[in-house]
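Presented below is the structure to which this report refers.
Just so you know, all these numbers are worked out from the coordinates, no wet-lab data involved. Because the structure is predicted, anything quoted here is derived from the model rather than measured. Cβ atoms come from the backbone with ideal geometry, glycine included; neighbour counts cover every protein chain shown.
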Amino acid sequence: MFRLIHISDLHLGPLPAARIRDLASKRIIGYVNWRRNRSRTFGDDVEAALIAAIAAERPDHIAVTGDLVNIALAGEFATASAFLGLIGPAEAVSAVPGNHDAYVPGAARRARKSWSAYMTADDGEADGWPYVRRRGDVVIVGVSSAVATGPFMATGSFSEKQEKRLAEILDKLGRAGLCRVVLIHHPPVKGATAWHKRLSGAARFRKVVARHGAELILHGHTHKPTRLSIPGPTGDVPVIGAPAATQRPDGRHPAAGFNLFDIERVDGGFHLRHRLMQVVPGGGFVETRAEEIVSAASVSPAP
């Protein structure tokens with residue numbers, strides 16, 4: 001049995017002190033949003049409870065699907081690095097960046113550098129997407145959709161280069177009979193987000209999965225605990241989102257939570273027990289949803 005925890009969209013605070021020149025960009029919009037909204041609805045109290053709840057579940061691995069920071073200030077990357085170190089050692093935590101981690105030009109590169117220990121492939125490669133990390137029968141495949149965008153935009157991108165590389169990776173791992181868990185920040189399902197938050201190149205991503213398959217796709221971005229799917233070669237592939245991981249249970253937004261998967265090999269594929277754990281007033285995390293996912297062996301068809 002392999003236990004995997006999935007968290008996303010932490011938006012860790014508080015914001016560090018910012019100079020005027022730091023805010024002379026799209027950052028001013030995010031800064032105002034933090035002061036007016038997110039500083040009230042995201043909290044250190046929930047972050048502390050989240051860390052404790054994750055430790056109590058004793059996961060084998062933790063997947064983080066982006067938006068650790070808010071407006072990509074230098075001090076925020078250090079705060080996020082400290083958080084990642086608190087939830088587990090680098091070999092037990094895999095992360096991909098989100099649009100807030102790439103908030104302005106150059107930020108995505110700084111995020112990769114700051115969190116490289118959590119985004120480095122087993123072969124030591126630290127600058128290629130997707131990356132691959134195998135843990136027994138489970139393989140984490142990290143895809144980046146993070147790109148800098150203009151004001152009031154939060155789109156992502158899945159490039160042709162990643163498409164080709166992901167196809168090769170999923171084909172090879174599928175033929176080896178492994179449980180392929182793909183991490184991406186933006187949901188690759190058509191219509192899953194508003195136009196200004198969409199994933200450009202999502203059709204490319206879906207085409208790769210339709211041909212080569214995957215056992216599980218995990219994403220963030222929407223701040224919602226959703227269960228969607230896209231076609232695979234032997235049936236639908238589950239696409240599961242997570243609520244914002246430090247969102248207080250204020251009743252207006254989905255309360256902070258994490259996805260917990262117990263993964264077990266069965267004849268011809270994998271059995272996954274999925275539980276959604278969400279925070280309640282007082283700081284505890286409780287199970288709010290449970291489901292069983294059976295994934296048949298998904299091997300690419302012969303060319």
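Here are a few things to note about the model shown:
- The alpha-carbon of Lys164 sits under 23 angstrom from the alpha-carbons of these lysines, leaving out residues fewer than 8 places away in its chain: Lys172, Lys190, Lys207.
- Highest-MSF residue in the chain out of Ile217, Ile20, Ile51 [GNM, Cα springs under 10 Å]: Ile20
- Cβ-based charge dipole, the chain, positive-most Cα from Ala55, Ile184, Val139: Ile184
- Helical content alone sets the calculated 222 nm signal of the chain at -7000 deg cm²/dmol, taking -39,500 (n - 2.57) per DSSP H segment of four or more residues and averaging over every residue.
- The Cα atoms of the chain define a convex hull whose projected area, averaged across directions, is 14.3 nm².
- The mean sequence distance of close C-alpha pairs (under 8 Å, at least 6 residues apart), as a share of the length of the range 1-157, puts its relative contact order at 23 percent.
- For the range 107-215, convex hull of alpha carbons as volume per residue, Å³: 99 Å³
- The chain: most fluctuating residue of Arg40, Arg204, Arg252 per GNM, C-alpha cutoff 10 Å: Arg252
- Over the chain, relative contact order from alpha-carbon pairs under 8 Å, at least 6 apart, %: 19 percent
- Part-to-part distance (alpha-carbon centres) for the range 210-277 and the range 122-184, which is given in Å: 16 Å
- Gaussian network model of the chain, springs between alpha carbon atoms under 10 Å - residue of Asp267, Asp22, Asp127 with greatest fluctuation: Asp267
- Whether the range 70-163 is rounded, prolate or oblate, judged on the alpha carbon gyration tensor where a/c under 1.5 counts as rounded: oblate
- Residue list for the range 207-250, given a label point 7 angstrom along the Cα-to-Cβ vector of Asp45 and an amide N cut-off under 20 Å: 244-250
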